[in-house]
1. Once you wrap a convex hull around the alpha carbon atoms of region 127-173, what is its projected area averaged over all directions, in nm²?
2. Around residue 154, under 15 Å between beta carbons, what's the net of Lys plus Arg minus Asp minus Glu among the other residues?
3. For region 152-196, just say rounded, prolate or oblate: build the C-alpha gyration tensor, square-root its eigenvalues into a ≥ b ≥ c, call rounded for a/c under 1.5, and beyond that prolate if a/b exceeds b/c, oblate if not.
4. Here is the link list: 23/111; 12/136; 67/107; 164/185; 69/167. Which ones come out longer than 29 Å on Cα distance?
5. To the nearest 20 debye, what is the magnitude of the charge dipole of the chain about its Cα centre, counting +1 on the Cβ of each Lys and Arg and -1 on the Cβ of each Asp and Glu?
6. Enumerate the amide H contacts of residue 145 below 5 Å, restricted to partners 5 or more residues apart or on another chain; note that Pro and chain-start residues carry no placed amide H.
7. Run the dipole for region 127-196 about the Cα centre, Lys and Arg Cβ at +1, Asp and Glu Cβ at -1, nothing else charged, and hand back the magnitude in debye, nearest 20.
8. State the answer as a single residue: which of 125, 103, 91 lies farthest towards the positive end of the charge dipole of region 88-135, with beta carbon charges of +1 for Lys and Arg and -1 for Asp and Glu, about the Cα centre.
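Quick note: the coordinates plus some simple rules give every number you see, no bench work behind them. Since the structure is predicted, the reported quantities are computational estimates derived from the model, not experimental observations. Please note: Cβ atoms are built from the backbone with ideal geometry, for glycine as well, and neighbour counts cover all protein chains shown.
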Amino acid sequence: TVFYHEGVKMAKILFISHMYPNKNDYAYGKVIYEQALSLASNHEIIVIAPVPFVPPFFKYLKKRYAKLKQIKKENTISGIKVYYPRFIVFGSFLFCYTGLFMYLSIKRFVKKLHEKHKFDLIHAHFTIPDGDAGAKLKRKLHIPLIITIQATDINYTIKNCPQKLIKVLSYADRIIVPTPILGEKLSTYINISYEV
């Protein structure tokens, strides 16, 4: 079924971002939230915002772990449905594989969501872990993928996981950079087309 709102086709978009506001921190990932909110006026947006899994005893070690433990599995923020599935994180020494761990944790849940909503595309933010998980979901579900590059991709990821970043971007149907400067920096590492 194709829906139209004032002559514009309404797409069903799955946002994937580990940085997205939650009940403990409404400022976390605010830029990504504002993108989703802007698109929600003409499109159906559903957000998957994976949260690191915290073993029960960890919540007593640091406030940060306690806050992660308190995040509910789902919420609705400004009319946008947001899901917070848990995924295993093994620290910075396995950072390059974080997207794989995220994918393994969310693939069944996303498949069920896709059966219900029939997404037109996936929009992932950050190359790792979100874009990597999104690339694997694209191949599984056969739907297009957009990846929005963030400063962390250029300042950290490309230096620590260059081959992984290039491979993930090769699966994207579109690559977006938020500023021309970030696009120029990306071009010094990889010859790939992008949109600002």
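1. Working: hull surface 11.2 nm².
If you wrap the Cα atoms of region 127-173 in a convex hull and average its projections, you get 2.8 nm².
2. Working: positive: 159, 164, 185; negative: 153, 184.
Overall, the nearby charge balance is +1.
3. Values: a/c = 1.81, a/b = 1.15, b/c = 1.58.
Note, shape of region 152-196 comes out oblate.
4. Details: 23/111 26 Å; 12/136 19 Å; 67/107 25 Å; 164/185 17 Å; 69/167 33 Å.
Correct reply: 69/167.
5. Working: 29 positive and 13 negative charges, 214 e Å.
Roughly 1020 debye, rounded to the nearest 20.
6. For residue 145, whose amide H was placed from the backbone, the distant partners under 5 Å are 122, 173, 174.
7. On the way: 9 positive and 6 negative charges, 65 e Å.
Charge dipole, region 127-196, about its Cα centre: 320 debye, nearest 20.
8. After comparing all options, I get 103.
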